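Structure first, commentary second.
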Amino acid sequence: MAKLKVLQMIDSLEQGGAQQLIYDLMSFLKNDFDFYVLAFSSGPYEQKFKDLGLPVSVLGIHSEKVGFKYPGNVIKAKAWLEDNYQKIRPDIIQAHGIGADIWARWVAPKDVKIIQTVHLAEAFRGNLLNLKGLKHYFFDHLFYKKTQKIVAVSEAVKKAIGGYFNDPTG
């Protein structure tokens with residue numbers, strides 16, 4: 001039986017807890033799944049993932065510069081993601097970070113299962129009086145039906161995000 005293809009999508013490969021979580025997960029399960037990594041920007045973890053023998057694709061644009069203020073970057077990012085989805089044909093996308101969460105749910109093919117991993121509860125989430133909060137609330141709720149599972153990395157994050165997400169899995 002073929003292994004499930006799991007695409008780990010993250011905003012940046014800089015040093016951080018999300019990157020370490022992905023590294024630990026893939027190190028432990030690399031014989032059970034075919035893992036792939038997509039990131040908007042590079043960092044030290046790019047080489048660490050490659051050293052594990054895992055395919056890594058980096059767009060080369062910071063995730064904060066892939067918003068609608070930068071229409072050229074939006075077009076480039078969408079094409080890059082669609083091309084990678086076509087090549088990889090993932091069964092599951094596990095998204096880490098706000099940019100990756102939104103992009104994974106927006107561009108992913110309909111038949112791909114999406115796991116949204118929430119690493120921290122940003123202060124603006126749920127603050128509809130804040131433009132950034134309003135924007136993320138809109139995108140989170142527009143695309144949440146494409147999410148099969150929302151995972152909080154700790155009890156503190158789960159408590160902090162509370163009922164913010166309409167988790168389709170309950």
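Values for this structure:
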quantity: Top-ranked residue of region 53-78 - restricted to ones that are in a loop (DSSP other than H, G, I, E, B) and open to solvent by less than 30 Å² (accessible area, probe 1.4 Å), ranked as nearest to residue 5 (Cα to Cα); calculated: 54
quantity: Cross-chain or 6+ apart pairs with Cβ under 7 Å, region 67-91 first and within 15 Å of residue 106 (Cα to Cα), then of a type in the set (Gly, Ala, Ser); calculated: 84/57; 85/108
quantity: Options 22, 10: the member that is open to solvent by less than 30 Å² (accessible area, probe 1.4 Å), touching a helix residue (DSSP H, G or I) at 6+ places or on another chain (Cβ under 7 Å) and closer than 24 Å to residue 109 by Cβ; calculated: 10
quantity: Every residue from region 149-170 that is aromatic (Phe, Trp, Tyr) and at pLDDT 70 or above; calculated: none
quantity: Positions within region 34-52 being open to solvent by less than 60 Å² (accessible area, probe 1.4 Å) and not in a strand (DSSP E or B), in sequence order; calculated: 42, 43, 45, 46, 49, 52
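The values are calculated or read from the model by the stated rules, or taken from the named source; none is laboratory data. Just so you know, these numbers come straight off a predicted model, no measurement behind them. When we count neighbours, we look across all protein chains shown, and the Cβ atoms used for this are built from the backbone with ideal geometry, even at glycine. In case anyone asks, the SASA skips ligands and DNA or RNA and just uses the protein heavy atoms, side chains included. Shrake-Rupley method; radii C 1.70, N 1.55, O 1.52, S 1.80 Å.
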